[in-house]
Amino acid sequence: MLRRYATGAAILIFLGLYPVTFGATSTYHCAIMIVLGIYVILAVSLDLLVGFAGQLSLGHGAFYAIGAYTSGILTATYQMSPTGAMVIGACLTGVIAAILGWSVLSLKGYYLAMATMGLTAITHSVIIGWQSLTGGASGLRDVPAFHLFGLALESYDSYYYVVWILAILVVLACLAIVRSPMGRTLMALHSDEAAASTLGINCSFHKTCTFVASAVFASIAGSLYAHYMGFLAPDDFSIFTSIHLLVMVFLGGVGTLYGAALGAIFLKLLPELTHTFQDYELLGSGIILILILVFMPQGLWGLLSIAGRKMLAHLSVQAESKGVRQ
């Protein structure tokens with residue numbers, strides 16, 4: 001437990017000092033960290049649904065889009081405050097997720113994935129078709145910067161803190177859900193839904209609640225993205241976005257939360273290191289997903305955990321051998 005808290009404290013200190021140590025000399029790096037924070041929210045919230053509730057969803061990109069466009073339209077067209085627009089976007093997304101979850105979560109496996117993929121396709125089509133409201137294929141322009149207590153967070157450093165504070169809060173909220181009685185119920189559903197239902201667990205209710213929570217977190221990420229970019233394009237919320245998020249979860253380690261965050265950071269940093277192959281990003285994501293499922297089903301977080309345990313065991317053996325020699 002001490003090592004766990006020390007690791008968490010070290011991560012928080014690094015995130016807090018990053019703009020001071022690097023941001024002053026490199027706005028580019030700070031901008032990358034903002035995008036990483038947004039995708040950490042998306043990946044962790046999706047892992048809550050896929051890894052713990054066992055619901056394979058390809059609709060996360062749709063909830064991401066609903067939050068982004070709701071916040072963008074309300075602020076750019078109707079001059080609402082970004083904070084209020086984010087709250088309204090989260091509420092609207094939660095209502096849509098509750099209605100959809102009640103109707104489709106009785107499906108399982110690939111059938112559920114296809115149903116949620118349909119939601120993403122419908123959302124993308126509405127964004128393009130409703131040109132008078134969303135800007136259509138030309139995109140939504142002039143989304144204002146995020147305002148907090150009347151102050152516009154136009155600098156990357158200030159917005160960095162907003163994004164990462166919310167990202168940490170989302171991670172903590174997901175951890176609280178997982179470690180609560182509801183989390184244990186979700187793991188029972190994931191293991192054997194039929195057995196869980198015989199014990200009196202309302203499977204539909206718990207799956208719908210998790211679906212709604214996951215969608216609301218994705219909506220918050222969408223609002224953050226809208227006010228960071230200042231411009232929204234339909235291609236940013238296509239079915240490929242949902243697939244990319246699913247790859248992040250499986251790459252990091254499904255059912256770990258920390259692994260999902262690690263997978264998001266890895267996949268978003270990879271294009272920055274391989275600019276030459278950016279046109280093949282979707283192909284690369286598919287290959288990575290196949291390799292992970294076949295050769296590393298535990299993901300990057302599982303590999304790091306195994307390596308850490310082996311290193312600790314090796315160090316303890318060395319310490320014991322030194323003690324015996326003395």
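The values are calculated or read from the model by the stated rules, or taken from the named source; none is laboratory data. Because the structure is predicted, anything quoted here is derived from the model rather than measured. Note: ideal-geometry Cβ built from the backbone for every residue, glycine included; neighbour counts use all protein chains shown.
Among the helices (runs of 4 or more DSSP H) contained in the range 55-141, which hold 2 or more residues that are more than 27 Å from residue 40 (Cβ to Cβ) and not charged (D, E, K, R)?
By residue number, 82-104, 109-129, 131-134.
Residues of the range 291-310 being touching a Phe, Trp or Tyr at 6+ places or on another chain (Cβ under 7 Å) and either over 19 Å from residue 257 (Cβ atoms) or not in a helix (DSSP H, G or I) (or both), which ones?
293
For the range 186-205, state whether one or more residues are crowded, with 20+ Cβ neighbours inside 10 Å, in contact with a His (Cβ under 8 Å, 6 or more places away or on another chain) and assigned to a helix (DSSP H, G or I). I'd like the intermediate steps shown before the answer.
Of the residues in the range 186-205, the ones crowded, with 20+ Cβ neighbours inside 10 Å are 186, 189.
From the residues that got through so far, the ones that are in contact with a His (Cβ under 8 Å, 6 or more places away or on another chain) too are 186, 189.
Restricting the remaining residues to those that are assigned to a helix (DSSP H, G or I) gives 186, 189.
Yes, the conditions are met somewhere in the range 186-205.
Within the range 142-156, does at least one residue satisfy the condition of being part of a helix (DSSP H, G or I) and in contact (Cβ under 8 Å) with a residue 60 or more places away in the chain?
Looking through the range 142-156, at least one residue is part of a helix (DSSP H, G or I) and in contact (Cβ under 8 Å) with a residue 60 or more places away in the chain.
List the number of the failed condition for residue 196; all other conditions in (1) farther than 25 Å from residue 28 by Cβ; (2) at pLDDT 85 or above hold.
So the condition that residue 196 fails would be (2).
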